[in-house]
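Below: the structure, in structure tokens.
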Amino acid sequence: QKEVEQDPGPLSVPEGAIVSLNCTYSNSAFQYFMWYRQYSRKGPELLMYTYSSGNKEDGRFTAQVDKSSKYISLFIRDSQPSDSATYLCAMIAGTASKLTFGTGTRLQVTL
Amino acid sequence: NAGVMQNPRHLVRRRGQEARLRCSPVKGHSHVYWYRQLPEEGLKFMVYLQKENIIDESGMPKERFSAEFPKEGPSILRIQQVVRGDSAAYFCASSRTEGGANYGYTFGSGTRLTVV
């Protein structure tokens, strides 16, 4: 079983829709949770990071962490065609240095 | 304020040749990480370095792969005697603090290695 599970998609939504992206994990030591966006042929770009359980909002993006369920989510409101990319969840244990990534979910926002 | 610079962007090597991938971290970042991304897979950790030190190489294959981050100059990921299975995108990331937990990691655009 992988430490981090993420549905690879692809996920196709119309412009303006609310997008929900999710990851589950098995390692209880994970404390920091991040979402990266990766456009084709580019490097990952940090979108959101959260510590422990709770919500964090930044513009159209909201990240949620539920440590009791080992479940994290990223919501994108009013999705735009420019949001079309692969979204990677990543997490790190408190004392570690390396990120553990999900496989990424490919999102397509259509006009 | 340049981000993480990786070069070359694309690298083609024949089986058995050596591949050298370079990474210059964000100015002021002293922690460098290398990740490998295979098609349809997420990024896999390879190695974590600070200046002149390898801190964690638990993700590095035991043979043919090495990494360094000298006092002066970029970090280098070196793959000797490349095989087709080494074809992948190699990403470098840097952070200001250890683990990057407070600030996240900044990734470069990657080097796409193709072994023919």
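In table form, for the structure just shown:
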read-out: Yes/no for A:G9 being within 14 Å of chain B (Cβ to nearest Cβ), out of contact with any helix residue (DSSP H, G or I) (no Cβ under 7 Å at 6 or more places or on another chain), in a loop (DSSP other than H, G, I, E, B) and of a type in the set (G, A, S); value: yes
read-out: Which numbered condition A:S79 fails, given (1) assigned to a strand (DSSP E or B); (2) over 10 Å from the mean Cα position of the chain (by Cα); (3) more than 15 Å from A:F30 (Cβ to Cβ); (4) not basic (K, R); value: (1)
read-out: Failed criterion for B:H10 (all others in (1) over 15 Å from B:F91 (Cα atoms); (2) exposed (fewer than 15 other Cβ atoms within 10 Å of the Cβ) hold); value: (1)
read-out: Scope the stretch A:64-106; condition surrounded by 18 or more Cβ atoms within 10 Å (Cβ to Cβ), of a type in the set (A, V, I, L, M) and over 15 Å from A:E45 (Cα atoms); matching residues; value: A:V65, A:I72, A:I76, A:I92, A:A96
read-out: Residues of the stretch A:32-59 satisfying the condition of being in contact with a Cys (Cβ under 9 Å, 6 or more places away or on another chain) and facing chain B (nearest Cβ under 8 Å); value: A:M34, A:Y36, A:G43
read-out: Filtered residues of the stretch A:45-76 (kept if in a loop (DSSP other than H, G, I, E, B) and within 26 Å of A:S28 (Cα to Cα)); value: A:S52, A:S53, A:K67, A:S68, A:S69, A:K70
read-out: Residues of the stretch B:21-38 satisfying the condition of being surrounded by 14 or more Cβ atoms within 10 Å (Cβ to Cβ), over 14 Å from B:V115 (Cβ atoms) and among the basic types (K, R); value: B:R22
read-out: Which numbered condition B:A88 fails, given (1) over 11 Å from the mean Cα position of the chain (by Cα); (2) hydrophobic (A, V, I, L, M, F, W, C); (3) under 23 Å from A:L47 (Cβ atoms); (4) surrounded by 14 or more Cβ atoms within 10 Å (Cβ to Cβ); value: (3)
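Residue-wise test of (1) of a type outside the set (F, W, Y); (2) closer than 21 Å to B:Y105 by Cα; (3) in contact with an Asp or Glu (Cβ under 8 Å, 6 or more places away or on another chain).
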{"residue": "A:Q1", "(1), (2), (3)": "yes, no, no"}
{"residue": "A:Q6", "(1), (2), (3)": "yes, yes, no"}
{"residue": "A:S12", "(1), (2), (3)": "yes, no, no"}
{"residue": "A:N22", "(1), (2), (3)": "yes, yes, yes"}
{"residue": "A:Y25", "(1), (2), (3)": "no, yes, yes"}
{"residue": "A:W35", "(1), (2), (3)": "no, yes, no"}
{"residue": "A:P44", "(1), (2), (3)": "yes, yes, no"}
{"residue": "A:S53", "(1), (2), (3)": "yes, yes, yes"}
{"residue": "A:Q64", "(1), (2), (3)": "yes, yes, no"}
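Each reported figure results from applying straightforward, stated rules to the coordinates on display, with no laboratory input. Note that this is a predicted model, so its numbers are computed, not measured. Don't worry about glycine lacking a Cβ; one is built from the backbone with ideal geometry, like all the others, and counts go over all protein chains shown.
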